[in-house]
1. Looking at (1) free of Cβ contacts under 8 Å to residues at least 24 places away in the same chain; (2) crowded, with 21+ Cβ neighbours inside 10 Å, which one does A:L214 not meet, given that it meets all the others?
2. Out of all the residues in segment A:324-338, which are open to solvent by less than 20 Å² (accessible area, probe 1.4 Å) and outside any helix (DSSP H, G or I)?
3. Is one or more of the residues making up segment A:271-278 within 11 Å of another protein chain (Cβ to nearest Cβ), among the aliphatic types (A, V, I, L, M) and in contact with a Phe, Trp or Tyr (Cβ under 8 Å, 6 or more places away or on another chain)?
4. Counting only residues that are without any contact (Cβ under 8 Å) to a residue 40 or more places away in the chain and more than 9 Å from chain B (Cβ to nearest Cβ), which one in segment A:120-135 is farthest from B:S109 (Cα to Cα)?
5. Quick one: in segment B:224-260, of everything that is within 30 Å of B:P421 (Cβ to Cβ) and without any contact (Cβ under 8 Å) to a residue 12 or more places away in the chain, which residue is farthest from the other protein chains (Cβ to nearest Cβ)?
6. Give me the residue from segment A:246-275 that is open to solvent by 10 Å² or more (accessible area, probe 1.4 Å) and among the acidic types (D, E) and, out of that set, nearest to A:I185 (Cα to Cα).
7. Of all residues in segment B:126-136, which are over 23 Å from the mean Cα position of the chain (by Cα) and either assigned to a helix (DSSP H, G or I) or basic (K, R) (or both)?
8. Pick from segment B:281-298 the residues that are in a loop (DSSP other than H, G, I, E, B) and open to solvent by less than 10 Å² (accessible area, probe 1.4 Å): which of them is farthest from the other protein chains (Cβ to nearest Cβ)?
There are 2 protein chains.
Amino acid sequence: MITLPLCTTKLPLYKQIYDWLKTEIQCKNFKPNDKIPSKRKLSEHLCVSINTIDTAYSQLIDEGYILSIPKKGYYVCDIDVYHNINIVQHDSAPLNERIRKLKIDFSPSDIDHKAFPYKTWRNHFKSCFNEFDNSILKRTIAQGNLGLRQELVTFLHSSRGVNCDERQIVIGAGTESSLRTISLILGNNTSIALENPVYRKAYKTFEHMGHKILPIPIDNKGIKIEPLRDLSNVAVYLTPSHQFPLGVSMPIGRRIDLLNFANEADGRFIIEDDYDSEFRYIRKPLPSLQSIDQNGKVIYVGTFSTSIAPSIRMNYMVLPLRLLKIYNQIFSEFGSEVSILEQKIVEKFISEGNYEKHLNKMRKLYKDKRAHLIRELSIFGNQIKVVGESAGNHLLIKLITEKCEKEVRNAAIENGVKVYPVSDYFIGEVLSKYENIYLLGFGALSKLEISEGVKLLYKAWH
Amino acid sequence: MITLPLCTTKLPLYKQIYDWLKTEIQCKNFKPNDKIPSKRKLSEHLCVSINTIDTAYSQLIDEGYILSIPKKGYYVCDIDVYHNINIVQHDSAPLNERIRKLKIDFSPSDIDHKAFPYKTWRNHFKSCFNEFDNSILKRTIAQGNLGLRQELVTFLHSSRGVNCDERQIVIGAGTESSLRTISLILGNNTSIALENPVYRKAYKTFEHMGHKILPIPIDNKGIKIEPLRDLSNVAVYLTPSHQFPLGVSMPIGRRIDLLNFANEADGRFIIEDDYDSEFRYIRKPLPSLQSIDQNGKVIYVGTFSTSIAPSIRMNYMVLPLRLLKIYNQIFSEFGSEVSILEQKIVEKFISEGNYEKHLNKMRKLYKDKRAHLIRELSIFGNQIKVVGESAGNHLLIKLITEKCEKEVRNAAIENGVKVYPVSDYFIGEVLSKYENIYLLGFGALSKLEISEGVKLLYKAWH
């Protein structure tokens, strides 16, 4: 019998015996159909209990290395673990993590980190996370926490005129997650019409989900309806409050036209993405499309990404009652995709008035930054024109220049500044009138950084 | 001129003027094409500043209620907000929230809430959530936090033999979310073969994503391969460590056969759902299929739902390098779906050894509860047989009875106990040999509750 060197490591005895036998079988020291020692014999030989051997053998049987033939004993199986598998060469994939060294990034999707209500959040965590409320550890239904949905009913009604009850609200793991849910509800036969230029993640999400995509040009009132007239199964994805990225606000006339268009066929819907309606600086935000929809044609989508933080991965949508049935058919078996604890924290944040307070503070802050950015840009004189609505946490500028966009952009990059051309948001061809229009996000930047960024741009562009 | 009752409420003056004019237009007191007072006139009439009037008028222009004709003045638009829209009747949808009054729920997906490491979690929150690390407020790439992925590389290798690097790991918002991602990577042309009976949420997810579903019977070694031989584009979804719900563990022979089957065609893959491998009570867990795959054919999926809490909505998957390219093509523009802060907390939980400690504690606890449940079930004598592996936080029992499943189940319900028949997990027809097999989850129950539950079942079934 081959001797087994039992050692004094921390490994349990059965594991050492199991490992040894497995290796012997894999290395062909024990060959297929070889008989291995009986449990009793091995136990005597190694001076370990028969139970230990039994555990090791059972594991080997489970994994198919040996088999037990009643009244005969234990035999090695005819298995060639690693050699049966032909090794196929594979590509290595690119590393999806690049860090760029930039001085100033005018990213349109960043928020002011310093102004985050750390203390309030910490307090809400403390009061939500406790041993006496085990609902924070439990699964919840797909739509999300009832409490948060109830808070949203009131909040969305007072701030955006949204009419709904808590059954209609679905908490999602970010806008894209909600759009995927909408895609599943509408089904693949529904084409998706998008404003062009468009919020790219929405476009990509619908494309990946297999929808026919219809990029529709926009005029000064928003998306054109004429190109859609012949379609009966179509959902129009829109950002009517503050078109992303052009900043156009859709007037009531076009809104009515759109709703009437949707009402003309059963399979027509509107997806209203109200992504930054919280941040309007001059007048109150326009009422939502959902608020004037009487026929359950508008799916309203909103997010906490800009209003709380992009890292929270939480948003919400309001489904028309007529789509709720399909939603329930698909999702009633599933659970919510969003951390229950964080839903509770956000619920408390809203219910105790801290969300409203935070929004007011941020509105003031961003308005201030925006004004500062415009003041700083005045060094460009007539070379830069501010376009779009006074809203959100980015500014839209048109640069008057002979240079092409690529040169302008590269000049900025070479000076350590990143700006975001509107042309990036187009599906297909970019009309020349949209050339050299840039998004300058100021959410994450301090006034000093804004000044520095503009100086660097002046150096790059002037 | 109509008088406007300006009041002393909190509403800003411009808003009162705006509201009044809007109502007048909607109520047809001001008719389409009527001229409304000039800004100067109204300002004098109301004794408010011209700026206030300007703000109100601009808002009305934005919303399309009035229009400004240069050198002429302001006119009411031809818009009939609410009357243009025909009100269509809609169905009201069912309320997706039912609360049942049960004494004992043997749910197979619940965990022990009392044993949750509240104190540790609170400490991790404190150290992760602070003003000096603004990465907790920032978006991260689709795959999730690098730190957590690095921890998982080490953890999965040592606990499950998984071979990968952090590029291959994707943090998801729960198993279903990962399965949707897998679906998008594989595309609709890939059929999905499922063990039958199966984890229903997996089945439903793939079905909704539009895949052809192939329910495959299982024998005592797991899923049969023969029915799949002719398919070249197929992904086999499996729970090889502890088949859900039958509890069978797949022996090495079948595992090799499966890998070889996958290797024979480019479009064949295996989705290994290792959902509760953390909880094995007798021997060490079987190594994962991923650990013996040499050709990038296995997509490994794991979850924190059972090992931490179902409410955390966080899981992970390991993509083979060959699929990473497609993943990046689809998801590189998106952000992670999981709260960044909670990812940081889990990262710390693992890196400081608390996850391992927690698993050891829970393993002991569940093993104990399981033994207690088996002891209590002995009052049934031969009427109940425990089947399946000694693993997870549920037990599988076969009830020997003349009664049909419906009667058995109803008798339990009438006595305030909920049990989960295996037949619920079948796609299509249920073979008679699977009748009267029940899952009894014990994760969330105390020993006292287990005893009470068994007594009630005895009353119901004996």
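1. (2)
2. The answer is A:F334, A:G335, A:S336, A:V338.
3. Filtering segment A:271-278 for residues within 11 Å of another protein chain (Cβ to nearest Cβ) gives none.
No, segment A:271-278 has no match at all.
4. A:N123
5. Initially, segment B:224-260 is screened for residues within 30 Å of B:P421 (Cβ to Cβ), giving B:224-228, B:234-251, B:254-255, B:258.
Still in the running and without any contact (Cβ under 8 Å) to a residue 12 or more places away in the chain: B:224, B:226.
Values: B:K224: 16, B:E226: 18 Å.
Only one residue tops the list, namely B:E226.
6. That would be A:D266.
7. First, the residues of segment B:126-136 that are over 23 Å from the mean Cα position of the chain (by Cα): B:126-135.
B:K126, B:S127, B:C128, B:N134, B:S135 - these are the residues of segment B:126-136 that are over 23 Å from the mean Cα position of the chain (by Cα) and either assigned to a helix (DSSP H, G or I) or basic (K, R) (or both).
8. If we take residues in segment B:281-298 being in a loop (DSSP other than H, G, I, E, B) and open to solvent by less than 10 Å² (accessible area, probe 1.4 Å), then B:S288 is farthest from the other protein chains (Cβ to nearest Cβ).
The values are calculated or read from the model by the stated rules, or taken from the named source; none is laboratory data. Just so it is clear, the model here is predicted, and its values are computed rather than measured. Reconstructed Cβ throughout: ideal geometry from the backbone, glycine too, with neighbour counts over all protein chains shown. We work out accessible area using only protein heavy atoms, side chains counted, and drop any ligands, DNA or RNA first. Shrake-Rupley method; radii C 1.70, N 1.55, O 1.52, S 1.80 Å.
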